[in-house]
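Enquirer: Structure below; questions to follow.
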Amino acid sequence: MNQHPINGKYMNVNRLAIACLLGAGFITSTASAVQTSHWVHTNSADFKAGTFENVVATNLGDLKLSRDVTQLLDEDPRVSVVYCMAEAKDGTLYAGTGPKGVLLAVKDGKVTTAATLKDGENIFSILVDPQGRILLGTGGNHGRVLRIDSPGAEPKELFADEGVQYIWALRQTPDGNLYAATGPKGRLIEITPDGKHSVLLQSDENNLLSLVSDGKDLLYAGTDPNGLIYRVNRKTKETFVVYDAAEKEISSLALTPDGVLYAGTSDALPEGGDTTDQTATAAPESAGRPETESGAVEIPSKPPAEPSPPQVPDPNPSRPDPIPKASSSSPLPADNGGQAGSPKPSPKPASPAAPAAPAPPSAQAASMGTPVPEDTKGNAIYRIDRDGFVTEVFRENVMILSMLEHNGTLLVGTGNDGEIYQVSPSAEETVVTAKVDAKQVMSMLTGQDGRIYLGLANTGGVGVMSSGFSKTGTYTSPVLDATQISRFGKIAMTGSLPAGTKLTVSTRSGNLASPDQKGWSEWSEPIPAAQYLDVKAPSARFLQYQLNFITDNPKQTPIVDQVDVAYEMPNLAPRVNLVKIKGDDKPDPSAAPAAGASDTDAAATPKPHGTGIQTIAWDAADPNDDALVYKLYFRRGPRSPWILLKDDVKDTTYKWDTRSVADGEYQIKVLASDEASNPLGSGRTGNRVSDPIFVDNTPPAIGDLKWIKADRAVRVQLRAVDRASTIAKVEYAVDSSDHWQLVLPSDNIYDSPDEAVVFTVPDLKPGQHQVALRATDAHGNQAFESILVTVDEPASR
């Protein structure tokens, strides 16, 4: 069928390269049987439906090992979330947790309890001052600022105030002043070294969620629920809103040494969050992907055996460290002569463009900026330069929970899928660099040892992320559905294998939608990656592939750009679902009367008479989407042989002139064939027989006609006889009038092919008259007769 089901659509392989070159969207086409179909995964949205273990899908459309994350804290029933972290000069890491108010200390990889606050008190913020004292901001029933003067000492309360329940963030300036961002009344509190405190900012917001200082006089605070960013001069008390974001919450702020402010948002996601909408942030298909230097080449491939076709060109010769073109454990088979159903290696088609990182909009001209469209999905990071101009540098369908800036690069901790992004605003590049099982990265800290420490939630813990890649990782694809039991061909990959790395492939199949149910095949033995590998799983409807990433060099990782799995669905017979026959002369019984029409109008409207034309209509479909051609047959009676009515019909309607056949009961058979879309001799057919219809094109006969004149009336006697059906009615009209008068038979009911009718035509004026007689059978055929009658003038007295 030469089609790629990409994001639920099918694309013709022959047009794939053209579509990419022209920047067009996906092209759909009609499939044909006994040709190869493909599942193609080539961008982050395609891969995201799978299962990741120490593997990430980047916005460049790559799969690779994630950064190595080591869990320092085993599961602790007292800790469900690590909100904040700070590091002392001696390298001790302090972590504030909830909901039990436990302060953890991490030193030399060991985790101990440094302090325990009141039950139900959360530690939302933390810092270590120049004297080595630990400052804590708490929340619960009451918000407090506490100070621990030395390890093991009891916490001292520096600040508490009525109406303050949450100390969301703490910052200290070089003069020793402490600033607390609070809720639920949106106050920024200044606490001086002598213990005095005052309200520096009373906002109209509920919460000040985030806070940064420029180390001099300026503070920046992010709010909830209107997504404002305040700039506060702590000396002059001047307050200014530098940005009003479309999102409700400014959850994190980062300030560079040159005064550029980054603001991350954390609006709640719909049910399922980023795990359900995998395409919300995908750029248009034609946008391409950012240029990158990965230091690798495309996976090469070995030409088939004799007779050898031209050498497959290397699509990207500038890329070193290729995945081998062929695995020594699975040599490519020889050419089988091109028989249908046996796919052969072919040059890799051009890949559809992977979604690029969301491009920043043009700089917004005022400090308030142009608001983000209301229907924008997910959350964003905004860059606000020293002049107040705002650009969007990141948007994904995640909650931004924490953020670090270092030398112009951002590390972004998110939920609800535990992904850590690396954002390079100047290069317009965003990649997922790690993923944690805890699902929420609440806080991040760069340690003195250069590693990144992570405060986690869901299962509360402390992790540490090194600069190197994990040693091993696994990507398991989503279940791929061929819709019918199919034969699997080859799995083709493009990517790279730097020195010291390995990549293996396994597959399994089944006929149950869930691979967790018993009845699926076992995973095949892992095979070293090559551009073309045989799928070892048995024929079935469903398939999964698994990629195993391995590295002995923490600075290198295998990279997979694209996975293309070929499969061949058997040619299935077409189905004729419905055959319906309707006479062109018959009104549609389902049609409603025209608006305003009365029963009298309907009775007075002349009915169409029989033409002998019957419209045969049918509905048919092919499971392989093959083009269908039809043959029509008819027979008289249920046991008579079929007679060909019409061959090579491509439409799904046909008008049958039944005047060419004798009256009687008939059936129609519609036979659908997909032979034209399949190799000679391998086509399939399907058929359906109509319900019986009665053909009656012969009008009834009017006989035994007699009439007797009596004064000004005429008494008429006749028989109406039909040889194929019943008499429906007898009528008369006088002197070519268009008014036909119904008369009843002798037994007062028309229910027989032979009806006797006696009636009187009254009130005829003197002179000659013509009385027309009309008999209609049950199929609308009509017979006419007429009689001439002379009514005498009344005798004079």
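Enquirer: Tally up the residues in the stretch 44-56 that are of a type outside the set (Phe, Trp, Tyr), touching a Leu at 6+ places or on another chain (Cβ under 9 Å), surrounded by 22 or more Cβ atoms within 10 Å (Cβ to Cβ) and at pLDDT 90 or above, please.
Expert: 2
Enquirer: Which of (1) over 24 Å from Leu200 (Cβ atoms); (2) in contact with a Leu (Cβ under 6 Å, 6 or more places away or on another chain); (3) open to solvent by less than 20 Å² (accessible area, probe 1.4 Å); (4) among the small types (Gly, Ala, Ser) does Ser125 not meet, given it meets every other one?
Expert: In the conditions (1) over 24 Å from Leu200 (Cβ atoms); (2) in contact with a Leu (Cβ under 6 Å, 6 or more places away or on another chain); (3) open to solvent by less than 20 Å² (accessible area, probe 1.4 Å); (4) among the small types (Gly, Ala, Ser), Ser125 misses (1) alone.
Enquirer: OK, next. What tally of residues in the stretch 86-103 results from selecting those that are outside any strand (DSSP E or B) and open to solvent by less than 50 Å² (accessible area, probe 1.4 Å)?
Expert: Number satisfying all stated conditions: 4.
Enquirer: Can you tell me how many residues in the stretch 217-237 are touching a residue at least 40 places away in the same chain (Cβ under 8 Å), open to solvent by 10 Å² or more (accessible area, probe 1.4 Å) and not hydroxyl-bearing (Ser, Thr, Tyr)?
Expert: 2
Enquirer: Next up: If a residue has to be in a strand (DSSP E or B) and more than 21 Å from Ser524 (Cα to Cα) to count, how many in the stretch 559-585 make the cut? Break it down into steps so the answer makes sense when it comes.
Expert: Filtering the stretch 559-585 for residues in a strand (DSSP E or B) gives 559-568, 575-583.
Those still in the list that are more than 21 Å from Ser524 (Cα to Cα) too: 559, 561, 575-583.
Counting residues in the stretch 559-585 that are in a strand (DSSP E or B) and more than 21 Å from Ser524 (Cα to Cα) gives 11.
Enquirer: Continuing with this model, one more query. Just the residues that are exposed (fewer than 14 other Cβ atoms within 10 Å of the Cβ), in a strand (DSSP E or B) and either in contact with a Leu (Cβ under 9 Å, 6 or more places away or on another chain) or not polar (S, T, N, Q) (or both), please, taken from the stretch 757-785.
Expert: Selection gives Val758, Gly767, Gln768, Gln770, Phe784.
Enquirer: In addition: Listed residues Ala728, Ala733; which is of a type outside the set (Asp, Glu), in a strand (DSSP E or B) and closer than 14 Å to Gln782 by Cα? Spell out the reasoning first.
Expert: Values: Ala733 fails: closer than 14 Å to Gln782 by Cα.
Matching residue, one of Ala728, Ala733: Ala728.
Enquirer: Considering the stretch 544-558 alone, what residues qualify as being buried (at least 24 other Cβ atoms within 10 Å of the Cβ) and either among the acidic types (Asp, Glu) or in a loop (DSSP other than H, G, I, E, B) (or both)?
Expert: Answer for the stretch 544-558, where residues must be buried (at least 24 other Cβ atoms within 10 Å of the Cβ) and either among the acidic types (Asp, Glu) or in a loop (DSSP other than H, G, I, E, B) (or both): Thr557, Pro558.
Enquirer: Which residues, taken from the stretch 414-447, are charged (D, E, K, R), part of a strand (DSSP E or B) and either farther than 19 Å from Lys64 by Cα or open to solvent by less than 30 Å² (accessible area, probe 1.4 Å) (or both)?
Expert: Taking the stretch 414-447 as the starting set, the residues that turn out to be charged (D, E, K, R) are 417, 419, 428-429, 435, 437, 439.
Among the residues that remain, those that are also part of a strand (DSSP E or B) are: 419, 429, 435.
Residue satisfying the conditions is Glu419 alone.
Enquirer: Another question, then. Can you pull out the residues in the stretch 725-745 that are open to solvent by 20 Å² or more (accessible area, probe 1.4 Å) and of a type in the set (D, E, K, R)? Walk me through it before giving the result.
Expert: In the first step, residues of the stretch 725-745 are kept if they are open to solvent by 20 Å² or more (accessible area, probe 1.4 Å); the result is 726, 728-729, 732, 734-742, 744.
Scanning the stretch 725-745 gives Lys729, Asp735, Asp738.
Enquirer: Now a separate question. For residues that are open to solvent by 40 Å² or more (accessible area, probe 1.4 Å), assigned to a strand (DSSP E or B) and hydrophobic (A, V, I, L, M, F, W, C), scanning just the stretch 656-694, find the one that is farthest from Pro641 (Cα to Cα).
Expert: This residue is Phe694.
Enquirer: While we're on this one: Could you list, in sequence order, all residues of the stretch 238-265 that are open to solvent by 50 Å² or more (accessible area, probe 1.4 Å) and at pLDDT 95 or above?
Expert: The answer is Glu238, Thr239, Phe240, Asp244, Lys248, Glu249.
Enquirer: So which residues in the stretch 69-80 are open to solvent by 60 Å² or more (accessible area, probe 1.4 Å) and among the β-branched types (Val, Ile, Thr)? Reasoning before the result, please.
Expert: First, pick out the residues of the stretch 69-80 that are open to solvent by 60 Å² or more (accessible area, probe 1.4 Å): 70-71, 74-75, 77-78.
Hit for the stretch 69-80 is Thr70, nothing else.
Enquirer: Taking the conditions exactly as written (of a type in the set (Phe, Trp, Tyr), open to solvent by 10 Å² or more (accessible area, probe 1.4 Å), in contact with a Gly (Cβ under 9 Å, 6 or more places away or on another chain) and part of a strand (DSSP E or B)), does Tyr83 satisfy them or not?
Expert: So Tyr83 passes the test.
Enquirer: Hey, among the residues in the stretch 468-486 that are out of contact with any Phe, Trp or Tyr (no Cβ under 7 Å at 6 or more places or on another chain) and among the hydrophobic types (A, V, I, L, M, F, W, C), which one's surrounded by the most Cβ atoms within 10 Å (Cβ to Cβ)?
Expert: Phe469
Enquirer: Pairs under 9 Å by beta carbon, first residue more than 23 Å from Ser402 (Cα to Cα) in the stretch 119-134, partner β-branched (Val, Ile, Thr) and at pLDDT 95 or above, six or more apart or different chains?
Expert: Listed by first residue and then by second, the contacts come to Arg133/Ile148.
Enquirer: Examine the stretch 702-724 for a residue that is open to solvent by 80 Å² or more (accessible area, probe 1.4 Å) and within 30 Å of Leu632 (Cβ to Cβ), and state whether such a residue exists.
Expert: Yes, the stretch 702-724 has at least one match.
Enquirer: Can you name every residue in the stretch 570-583 that is at pLDDT below 90 and open to solvent by less than 10 Å² (accessible area, probe 1.4 Å)?
Expert: Gly583
Enquirer: State which residue is modelled with the lowest pLDDT when the search covers only the stretch 128-150 and only residues that are open to solvent by 40 Å² or more (accessible area, probe 1.4 Å) and touching a strand residue (DSSP E or B) at 6+ places or on another chain (Cβ under 8 Å).
Expert: Step by step, filter the stretch 128-150, then rank; the result is His142.
Enquirer: Just to verify a result, which residue in the stretch 398-413, among those that are without any contact (Cβ under 8 Å) to a residue 60 or more places away in the chain and buried (at least 22 other Cβ atoms within 10 Å of the Cβ), is farthest from Gly259 (Cα to Cα)?
Expert: Gly413
Enquirer: Further, regarding this structure: So which of Asn697, Asn748 ends up being exposed (fewer than 13 other Cβ atoms within 10 Å of the Cβ) and either in a strand (DSSP E or B) or not charged (D, E, K, R) (or both)?
Expert: Result of the check over Asn697, Asn748: Asn748.
Enquirer: Please give the number of the condition Met465 fails out of (1) open to solvent by less than 70 Å² (accessible area, probe 1.4 Å); (2) farther than 29 Å from Ser80 by Cβ; (3) at pLDDT below 95; (4) part of a strand (DSSP E or B).
Expert: Exception for Met465: condition (2).
The values are calculated or read from the model by the stated rules, or taken from the named source; none is laboratory data. This one's a predicted model, so the numbers in the text were calculated from it and none came from an experiment. We place every Cβ from the backbone using ideal geometry, glycine too, and count neighbours over all the protein chains shown. For accessibility, only protein heavy atoms count, side chains too; no ligands or nucleic acids. Shrake-Rupley method; radii C 1.70, N 1.55, O 1.52, S 1.80 Å.
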